[in-house]
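Here the structure is laid out as structure tokens; the discussion comes afterwards.
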Amino acid sequence: MKFSYIAILLLLFGGSAYTQTQWKGKFEQLGEELPTPNSYRTASGAPGSNYWQQRADYVINVELNDETQVLTGSETITYYNNAPEALKFLWLQLDQNIFADQSATNQTNTGSVKDSIPAAFFGTASGVTVSDYKGGHTIKSVKDAAGKNLPYIINNTMMRVDLPAPLKTGEKFSFTIDWSYVESNRQIFDGRGGYEFFPEDGNYVYTCAQWFPRMCVFDDYEGWQNKQFLGQGEFALTFGNYRVRITVPADHIVGATGTIQNPKDVLTKEQLERYQKAGKSYESTVLIVTEKEARQKEKTKSSKKATWEFAAENVRDFAFATSRKFIWDAQAVKIGDKTILAQSLYSKEGNPLWERESTKAIKNALEIYSDRTFEYPYPVAYSVHTAHQGMEYPMICFNGERPKKDGTYSKATLTGLVQVVVHEVGHNFFPMIVNSDERQWSWMDEGLNTFLEKETTRIRYPELFGTHGTPKGIVPFMRGDKSQMRPIMASSDNVRPGEFGPNAYTKPSAALTILRETVMGPELFDKAFKEYAQRWAFRHPGPADFFRTMEDASAVDLDWFWRGWFYTTDHVDVDMQQVKWFKLRSETLDPERKKLNVKRGDLEAESTAGKSNGTDFSNGPEEFSLMNTPEYLQGEFKSRVDDAAIRQKLEGKNVYQIKFKNLGGLVTPLVIEWTYKDGSKEIERIPAEIWRVNEEEVTKVFIKEKEVVNIVLDPNFELADVEMRNNVFPKRTMPSRFDQFKKNN
Ligand SMILES: [Zn+2]
């Protein structure tokens, strides 16, 4: 395009557009930050034509000793190498080793000695756990299919198994590991699994997680995932099929990843009938074990054993829960043309909250998440109760929130339960199916999941919906001290524990909410988000695959958004620094200014020396004139400019000029609420690209029919602007103490 006359005029009259101090490239494309597209992962954000991933199938026999809390297992892993390279060794994760004496976590925990604090807090404060508990996996043997020992070496929470010969592309290898460990007390060690002991009846609730040696991920962009398990960063796991036999005391009820294969062997006739009835009950839950029956079972301990067999296909992990204390309810949920059995397991300590809310929340989560991503593909979904927890595995999750001893509970407890069940069930979608590397990128599962958890609460529980995961909710964090704050894109274990919640969960959720509600609009956002979920279901996406797909499926350039919200700790704070009100001077009423013809050189001379006091509209509008377009400029136009027509358009209109200052650094769309003299309101939305030629300060003119009495920036708290005091005009000053004194006397 030719550099035009219009552009010259804009340069002359564009006001303060070129006063910025330093350009930071906030609207430049993300170049080096993203990996180069290739045949495994494309520039559109989809899996490429040569995309591959590994597979690991497991057959596991495990027995729990209810007296000693020891788990003893034997597993056969069949590992499929689909990578375009041969593997000389395999890496496994031994996550229980986080509880070993010399674990990297214990060695690197920091803290200090605090005087006179409750003994229970000593470990948290000092970083040293005082306990006789001996945790960690004991590896008894690693053997190939012929029973021959395989060499292995343990590096903290990782174990390398050397193969007899390189495993070539397309080949598989089976080997067997025998192991055991002592389950940890969750109330002391705050593990993701472990047991809860109930001294009143002498029984345990076991939630077993990271309990068996599991294959690390080997993929196209990282090779072997080799970040140690330190506790905060979660897991990177390979898909496969599981067949697991769990031996427990005969009076236990077991729930797990997968469907029970032998219900006739482990359920009583009555339980079996109720179990089958639940599978057809779409309207309400069916109690398979009642509270009365569970209370009865607490009183004795069976000396017999039972083996529950579960099967699961295409899952990245396997967890289970077992206890004689479990009450068990279930109901059928229709998703597409499939029926899912939603099930809850809880001790009497969870009632009456759990029998009312848990399974209902599973249903709500499955329905809303399926609508926004893909239909839930697994046959079951469990929610299991144990204190102070929220932890997810495929088809099963462990959730806290418990009423008081008298059975009453607050709205906060109810909200907490709904949120935790929806959230942990929601993790089936991210990361159990859209299988991102949690150890590296917490936001890819926690952030996306918190966003959909928030959406589920908003839609299904409006009475419980607050600011959790919303732009308004993230404001206190965004305005916090930036000196040690990490961006969302920081690696999981490098985020300071106190900031992990906002950083991994609520800040990405707030950012996605801004994308949906303000930047893209719900229709485009939902389409793009669904596209990402469907492209990467049962695959391993990375951040670039998400960033690229959201743009690819919407045609909205979002590089500025990822750059600001995900790669920096900047926040939104727009100062509506100055508002000026103008009206076109009426020519007939202006005896002094008859000079309607301007000459070359006069253009720059016209200033708009203001009468506005800069704080309110009390001085009335400032007048401005329009000269006739001079002859020497008319030649540039195809036809003559009708000066009178332009004046007529502006005659009597209210012209407002607003100077916006970007104090927080994060570029943002603007949402402006105009309140008119007649009391009516109007909301106007301006894309973030308004900042593209000046990232720090912009001035914009608005023409309004009606007279404005009030202007508010971000009236509905949708931008996460951290300072509302500079978002209002007329400027409201905080009354001084003297003013207050005068007013009151
Ligand atoms: Zn989570």
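The values are calculated or read from the model by the stated rules, or taken from the named source; none is laboratory data. All figures in this text were calculated on a predicted structure; none of them were measured in a lab. As a convention, Cβ positions derive from the backbone with ideal geometry for all residues, glycine included, and neighbour counts pool all protein chains shown. Ligands, DNA and RNA are excluded from the accessible area calculation, which covers all protein heavy atoms including side chains. Shrake-Rupley method; radii C 1.70, N 1.55, O 1.52, S 1.80 Å.
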### Message
I'd like the full set of residues that are within 16 Å of the ligand (Cβ to nearest atom) and not in a helix (DSSP H, G or I), limited to region 486-508.
### Response
488, 495
### Message
Based on this model, can you work out whether residue 60 counts as in a helix (DSSP H, G or I), touching a residue at least 60 places away in the same chain (Cβ under 8 Å) and under 34 Å from the mean Cα position of the chain (by Cα)?
### Response
no
#### Entry: Residue selected from region 633-687 under the condition open to solvent by less than 40 Å² (accessible area, probe 1.4 Å) and acidic (Asp, Glu), by the criterion farthest from residue 565 (Cα to Cα)
643
### Task
Inspect region 447-469 for any residue being under 30 Å from residue 217 (Cα atoms) and among the aliphatic types (A, V, I, L, M) and give the result as yes or no.
yes
#### Entry: Residues located in region 524-572, provided they are in contact (Cβ under 8 Å) with a residue 60 or more places away in the chain, open to solvent by less than 10 Å² (accessible area, probe 1.4 Å) and assigned to a loop (DSSP other than H, G, I, E, B)
541, 542
### Query
Counting residues that are without any contact (Cβ under 8 Å) to a residue 24 or more places away in the chain and on the phi > 0 side of the Ramachandran plot, which strands (runs of 3 or more DSSP E) fully inside region 156-254 reach at least 1?
194-198
### Task
Pick out the one residue from 339, 300 that is open to solvent by less than 60 Å² (accessible area, probe 1.4 Å) and β-branched (Val, Ile, Thr).
339
### Query
Is there a residue being in contact with a helix residue (DSSP H, G or I) (Cβ under 6 Å, 6 or more places away or on another chain) and either open to solvent by less than 10 Å² (accessible area, probe 1.4 Å) or of a type in the set (Ser, Thr, Tyr) (or both) anywhere in region 151-168?
yes
